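Please read the structure below before turning to the comments.
No lab work stands behind these numbers, since they all come straight from the coordinates. Owing to the predicted nature of the structure, the values given are computational and were not obtained by experimental measurement. FYI the Cβ positions are ideal-geometry reconstructions off the backbone, even for glycines, and counts take in every protein chain you see.
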Amino acid sequence: MAKIPSLFLGATRPVSGRGQEQPLRLPAHHLVTHGVIVGMTGSGKTGLVTVAAEEALRAGVPVLMIDVKGDLPNLLLTFPDFDPGHILPWVEGTRAPGEERSNEEIATQLSRERETALGSWDIGPGQLSAFAQSHQIRLITPGSSAGEQLHVLSALERHTGRWEHDPEAARAALAAAISLVLRLVGRDADPARSKEHVLLSVLAERRLRAGESAELGALLHDLDHLPITEIGALPVNRYLSKKDRHQLAASLNSLLAAPSFAAWREGATLDLDKWLTPTAAAPGQLRRTPGVIVSVAHLDDEERSLVLGVLLEELLTWVRGLPGSKRLRALVIFDEVYGFLPPHPANPPTKRPLVALMKQARAFGVGVLVATQNPMDLDYRALSNAGLWCIGRLQTDADRARVIDGLAAQDRETDQLLNATVQRIAQRWFVMRNVHAGGEPVLLQPRYAMSYLRGPMTRAELKRAVERCNPRPDHRDHSMRAC
């Protein structure tokens, strides 16, 4: 019988104070029913999110991470041992004002502190080295060359074989890309209601099914020289007048001509199946589990919502195409979901696919772990059926009340115990409730992260971190490759 993979998240003790502290090895399949982490700044939430990602990768589970704050790229800084030389290149940006010690002295101290902290969790050089060699981190930065750029409209502008073997999935991805384009030009983006969306979808699908590209320039040509005569049962001119088509074409042309828009149309193809499938290992090497970080920390709020809307729609399409499974085959981590899953009536592009993932992904073995420091503006109808909750320090009574209410406890006594515990919980501790484990909630102290938590990095530092993990073929120093 195959061994059930587990995630070493830290240690637990009873909320009541009775009983001994126990290591927490969470069965990986418990995350198939999703998880929620809430906690204010300084609660240790980022550390717990990082540990969850590390443990999933250690268990051989591919991870897709959505990074809004800029912290998750720290997973690029996974070192195989405690040599201070690994930390030295990252010290300068963390020097305190008035610090007189050299960078070498600071790096030595930080390395010793990491060794002591990880040693307290029985993690030594052997475990670090094994982890470093077992996974591969890929950093994707839409609209920026700091990491790998992303062709956000790839479902529209790049033909894929999905049109031959899974046209329904291809059509869903195409709809999301066209919705993004229409939002950018201020048009109705609803796939069922918008006439512009329907017309562009018909024109694009005609090209893509023929094995061609449906890039925006080609669609502009088709709007002026229609290759079709009818939309549904109506002549095209009755469905959308020539004047309206010309106005749409002019708006699309302005978008196409904008220099800032070019960055969204180059880079990696949005293909979750390829992203989350381990690549074949070279002879004599281990197969590496993929961890993909999509970082939008550099974008403004509207750009984040639009880009992540397309990403999540593509993710939902990929999930629905998987065979059913009760094991955890992939984990999606959304760090700082505030603003992307708001309650009714707010409806950003990210909300529909997120709600659908929380309801449907478990049937396909895909878990979703969301984290936020602002629990007030979350749609708890979508989150209330999550199987795992970790509640850290919360700033206000309203925050605490909202979270306790969202847990939907079965009895008043449990609600009171949770509320009292959350009010006095210490930094880097969480109240954890796991529906699969049963019994009362417990206190969780996350283990120390194996990755060096450097904090948000500049664009130049991100490029350096990516190069360190993915050296060029002629790069001589391969000893630092540990991602």
Alpha-carbon centroids, segment 186-211 and segment 1-65: separation in whole Å: 43 Å
C-alpha center-to-center spacing [segment 218-271, segment 152-169] in angstrom: 18 Å
Label-point separation, residue 237 to residue 303 (7 Å along Cα→Cβ), nm: 4.3 nm
For segment 150-265: relative contact order, % (alpha-carbon pairs under 8 angstrom, 6 or more apart): 30 percent
Translational diffusion of segment 150-265, µm² s⁻¹ [Kirkwood Rh, Cα pairs; Stokes-Einstein; 20 °C; 1.002 mPa s]: 150 µm²/s
Span from the segment 297-354 Cα centroid across to the segment 370-387 one, whole angstrom: 13 Å
Loop sites in segment 188-231: GluC sites (Glu not before Pro), DSSP, at most 13 other Cβ within 10 Å: 212
Distance in nm between pseudo-label sites at residue 440 and residue 188 (7 Å out along the Cβ direction from Cα): 5.6 nm
Cross-link partners of residue 3 among lysines (Cα-Cα below 20 Å; sequence separation of 8 or more within a chain): 326
Dimensionless Rg ratio for segment 56-201, taking C-alpha atoms and the 2.2 N^0.38 Å reference: 1.57
Within segment 442-460, backbone nitrogen closer than 15 Å to the virtual label 7 Å beyond the Cα of residue 384 toward Cβ: none
Modelled FRET efficiency - R0 60 Å, residue 460 with residue 360, Cβ distances, 0.05 increments: 0.90
Loop-resident sites, segment 292-370, for trypsin sites (Lys or Arg not before Pro), counting at most 14 other Cβ within 10 Å (DSSP): 326, 327
For the chain, the spread of Cα positions along each principal axis, largest first, Å: 75, 62, 55
